[in-house]
1. Can you return the aspartates and glutamates within cross-link range of Lys156? Criterion is Cα-Cα under 19 Å, with same-chain partners fewer than 8 residues away left out.
2. As a test of the formula, what do you get for the chain when each DSSP H run with n ≥ 4 contributes -39,500 (n - 2.57) and the sum is divided by the residue count, at 222 nm and rounded to the nearest 500 deg cm²/dmol?
3. If amide H atoms are built 1.01 Å from N in the plane of the peptide, which residues on other chains or at least 5 residues away come under 5 Å of the amide H of Lys156?
4. Using a Cα-Cα cut-off of under 13 Å, which aspartates and glutamates could be cross-linked to Lys22, ignoring same-chain neighbours fewer than 8 residues away?
5. What net charge do the residues around Glu26 carry, taking every other residue with its C-beta under 13 Å from that of Glu26, with Lys and Arg at +1 and Asp and Glu at -1?
6. Mind giving me the nanometre distance, one decimal, between the label points for Ser174 and Met157, set 7 Å out from Cα along Cα→Cβ?
7. For the chain, what's the radius of gyration and Dmax over Cα atoms, in angstrom?
8. Beyond 30 Å between alpha-carbons counts as too far, so tell me which of Lys5/Lys147; Lys54/Lys147; Lys5/Lys43; Lys68/Lys130; Lys54/Lys130 fall in that bin.
Amino acid sequence: MLSNKAILITGGTGSFGRAFIKYILEEYSDIERIVVFSRDEQKQFEMALEFSPKVYPIRYILGDVRDKAQLYRAMQDIDIVIHSSAMKHVGASEQNPMECVKTNILGSQNIIDVSLERGVKQVIALSTDKSVNPSNVYGASKLILEKLFISADAQKMEEDIKFSIVRYGNIFGSKGSVIPLL
Ligand SMILES: NC(=O)c1ccc[n+]([C@@H]2O[C@H](COP(=O)([O-])OP(=O)(O)OC[C@H]3O[C@@H](n4cnc5c(N)ncnc54)[C@H](OP(=O)(O)O)[C@@H]3O)[C@@H](O)[C@H]2O)c1
């Protein structure tokens, strides 16, 4: 499925992104290109020490999903987008709801819009079990993300593109996991 494909992963330096990229590089030696799209240069620098562009077909692009122009540049000749970036801390999202809206909702709509403009074939967003009957801003923002993706898939016209969502539970060992607290 990923053979000879160019993949862009928003939040590629995160817990999911790093694990997924490690898996791709181990399992798909014929992957065409992996593009990591995220904001923090230090995280990208550290990740490039493990997954160097000199060794692997990987590129690191700094950008924010809120910035549509930068997303457009990054999505050149991309087949598959995995949208894993998010503001995911429940407390921070309660205290800064508009920041969560900008990243998780408006940023996700940017992903949809630019994927359509760039002729991407498959777009998969990571959601959460907290989007079910949400009781907090983070869960509500992910519910809207799901609705945006479902609507984009239903409303697409002749475009050869598929929008889908996966729902995660709490991932052991990921950043910000509640499990160590428990
Ligand atoms: N981990 C879990 O237990 C869990 C459970 C359910 C669902 N999920 C979902 O799974 C996805 C991945 O989670 P994770 O644990 O891998 O998260 P993570 O470790 O916190 O990583 C988040 C990634 O997103 C990037 N990012 C954040 N805001 C961004 C923005 N505005 N623009 C571009 N990049 C941005 C971060 O890098 P920078 O800070 O450098 O930008 C980082 O690479 C998220 O959508 C999350 O909601 C996770």
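All of the numbers you see were taken from the coordinates with simple rules; none came from a lab. Quantities reported herein were computed from a predicted structural model and do not represent experimental measurements. Cβ sites come from the backbone with ideal geometry, for glycine too, and all protein chains shown count toward neighbours.
1. Straight-line reach from Lys156, under 19 Å: Asp79, Asp113, Glu117, Glu146.
2. Mean residue ellipticity, 222 nm, calculated: -11500 deg cm²/dmol.
3. none
4. Here the aspartates and glutamates satisfying the reach criterion relative to Lys22 are Glu50.
5. Once all neighbours under 13 Å are counted, the net charge is -1.
6. So the two model labels end up 3.6 nm from each other.
7. 15.9, 48
8. Details: Lys5/Lys147 27 Å; Lys54/Lys147 39 Å; Lys5/Lys43 24 Å; Lys68/Lys130 27 Å; Lys54/Lys130 39 Å.
As for pairs spanning more than 30 Å Cα to Cα, those are Lys54/Lys147; Lys54/Lys130.
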